[in-house]
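This report concerns only the one structure given below.
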Amino acid sequence: MTTEIQTEIQAEVERRRNFAIISHPDAGKTTLTEKLLLYGGAIHEAGAVKVRKAQRHATSDWMAMEQQRGISITSTVLQFEYNNCQINLLDTPGHQDFSEDTYRTLAAADNAVMLEDAAKGLEPQTRKLFEVCKMRSLPIFTFINKMDRPGREPLELLDEIEKELGLKTYPVNWPIGMGDRFKGVYDRRKKQIHLFERSAHGSREALDTVLDLGDPRIEEFLDQDLYYQLKEELELLEEVGSELNFDEIHSGKMTPVFFGSAMTNFGVKLFLDSFLDYALKPGSHLSTLGDMPPEYHEFTGFVFKLQANMDAKHRDRVAFVRVCTGKFEKDMTVNHARTGKVIRLSRPQKLFAQERQSIEIAYPGDVIGLNNPGVFAIGDTIYMGKKLEYEGIPCFSPELFAYLKNPNPSKFKQFHKGVSELREEGAVQIMFSADESKRDPILAAVGQLQFEVVQFRLQNEYGAETLLDPLPYSVARWVTGGWDALNQVGRIFNAAVVKDSWNRPVLLFKNDWNCRQAEGDHPELKLSSIAPVVS
Ligand code: GDP
């Protein structure tokens, strides 16, 4: 029997779409985000979000670090309504110095938008983030940006995605011209040509002339050569391209592709419209009670990210929770699965850019920010009703390693407390040398920024000054069979043996080549770039 509350939750799930953007720095993520907000009616003029961000930075000394570096450490959740849909954009940190949070955010996302620069195609950070999406079989929507500048041939870009990522492609729209001659796109859904006009810096929605393919007025608007080229390319797509297949899109095997220019707003609205139709709604999540459908009547969720000191005045921490099932209401009292504690969630928040607003209710697919009195760790489950725990979030392969030293013996306690708390919080991974004589913890991170944040916070919050002694490794592999498996193979050349915080063996290599060599020399050794989830 469906209860009233389940009907309500179902209706809310039906109109929710949640996604994260994966891209390489400079591909245009900030620009596209702004334009999505512009079309979503959340802002009225592009540029507003950045301005707001800048003001916010000035009020916080933690943010001063971001400002100095001109980067965004924090990630926010942007929520807006469009066509009666509630869209949640989980904003991943955007700089090259990205951190594990970038990966973790994908654990809370139902869809990913892969943003490419048309001149560059696939870039390293996008590839790494794609691997995480692939692991979770997330649907991936590709937006090929900057078509207003000279770029690579559209067909070549599709080919690269097919060959290098093993994803089938289905272009939903097709560009008409490129660079100075980029006139618009052809929408294959409605079989219509959209010709755009550029507005100053694209701060307003682009004017759009819509024509059917056979419309005689096309000649007035479009040079003949562009029109013939378009027709030829469309015929080619029909002949050799894949057919649209929703099952394949939803299981992450096929990517719908869109061409456009975020800066000039070309193709942004068409993208948003198709995305709403094609994207996955919030779905079920695997737990100790089995697969939990979103309309399960009790509220449950998991912590995917912790953020410290977003507001210097409060010196607080915020735990970001992905709502998986049920309905969340302010002042709810929930259970914390790992510790068995009962917690009243009295000050829930949602975040719009850097601004906090308190929330009253939330549904599956939403993200809520909870003030964290030190209870929450990454991957923790909170629940109402019957006890359950979600799968947890794995540790991702770190690429930077350094001994962390405490030069001041009188600060021994503060140093260890800080290191242990920052590890629990998920700010960085901590490993130790297998050689017992080396007692200093090894910081293991996916981005340089994590080191800086850890050192900064140890000094600021724990009063512990630290020194870093970098290690020359860039690849980490967990030994799947544990110590027994490792001991059986004997010495491995060009590898350092360390243990993670759960005393599991990890091999560190200087480069991929050494890693592959070890795998070749010891085929019986099973190595994994992602640590098993600790439950
Ligand atoms: P992010 O690092 O991915 O967030 O990239 P930004 O949104 O900050 O964009 C990087 C640069 O590319 C900025 O100078 C943007 O103005 C520019 N840019 C973004 N989108 C477009 C586009 O569609 N066309 C052109 N020509 N430039 C763009």
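The values are calculated or read from the model by the stated rules, or taken from the named source; none is laboratory data. This structure is a prediction, so every number in the text was calculated from the model and none was measured. Cβ coordinates were reconstructed from backbone atoms using ideal geometry, including for glycine residues, and neighbour counts include every protein chain displayed.
Of the strands (runs of 3 or more DSSP E) that lie entirely inside the stretch 175-277, those containing 3 or more residues that are aliphatic (A, V, I, L, M) span 207-212. The number of residues in the stretch 218-235 being in contact with a helix residue (DSSP H, G or I) (Cβ under 8 Å, 6 or more places away or on another chain) and exposed (fewer than 12 other Cβ atoms within 10 Å of the Cβ) comes to 1.
When the stretch 117-154 is filtered for residues that are within 10 Å of the ligand (Cβ to nearest atom), charged (D, E, K, R) and in a loop (DSSP other than H, G, I, E, B), the ones remaining, listed by number, are K146, D148, R149. Among the residues making up the stretch 270-306, those that are surrounded by fewer than 21 Cβ atoms within 10 Å (Cβ to Cβ) and farther than 30 Å from G374 by Cα are L272, D273, S274, L276, D277, Y278, L280, K281.
E524: part of a loop (DSSP other than H, G, I, E, B) and at pLDDT 95 or above, yes or no? Spelling it out, it is not the case that E524 is part of a loop (DSSP other than H, G, I, E, B) and at pLDDT 95 or above.
Of all residues in the stretch 497-518, which are modelled with pLDDT of 95 or more and among the hydrophobic types (A, V, I, L, M, F, W, C)? Within the stretch 497-518, V497, V498, V506, L507, L508, F509, W513, C515, A518 meet the criteria. Examine the stretch 492-501 for a residue that is closer than 28 Å to R136 by Cβ, assigned by the TED database to the domain that holds E452 and assigned to a loop (DSSP other than H, G, I, E, B), and state whether such a residue exists. Yes - at least one qualifying residue is present in the stretch 492-501. Please count how many residues of the stretch 440-458 are in a helix (DSSP H, G or I) and touching a helix residue (DSSP H, G or I) at 6+ places or on another chain (Cβ under 9 Å). Final tally of qualifying residues: 8.
For the stretch 14-30, taking the residues that are among the β-branched types (V, I, T) and more than 6 Å from the ligand (Cβ to nearest atom), the one that is surrounded by the fewest Cβ atoms within 10 Å (Cβ to Cβ) is identified as I21. The combined condition, being in contact with a Leu (Cβ under 7 Å, 6 or more places away or on another chain), acidic (D, E), at pLDDT 90 or above and in the same structural domain as F275 (by the TED database), is not fulfilled by D97. Screening N88 with (1) of a type outside the set (A, V, I, L, M); (2) within 11 Å of the ligand (Cβ to nearest atom); (3) modelled with pLDDT of 85 or more gives one miss only, at (2).
Of all the criteria given as (1) in the same structural domain as L36 (by the TED database); (2) over 27 Å from E131 (Cα atoms); (3) more than 16 Å from the ligand (Cβ to nearest atom); (4) surrounded by 17 or more Cβ atoms within 10 Å (Cβ to Cβ), the one not satisfied by M263 is (3). Per the listing R127, R152, the residue uniquely modelled with pLDDT under 95, in the same structural domain as D26 (by the TED database) and basic (K, R) is R127.
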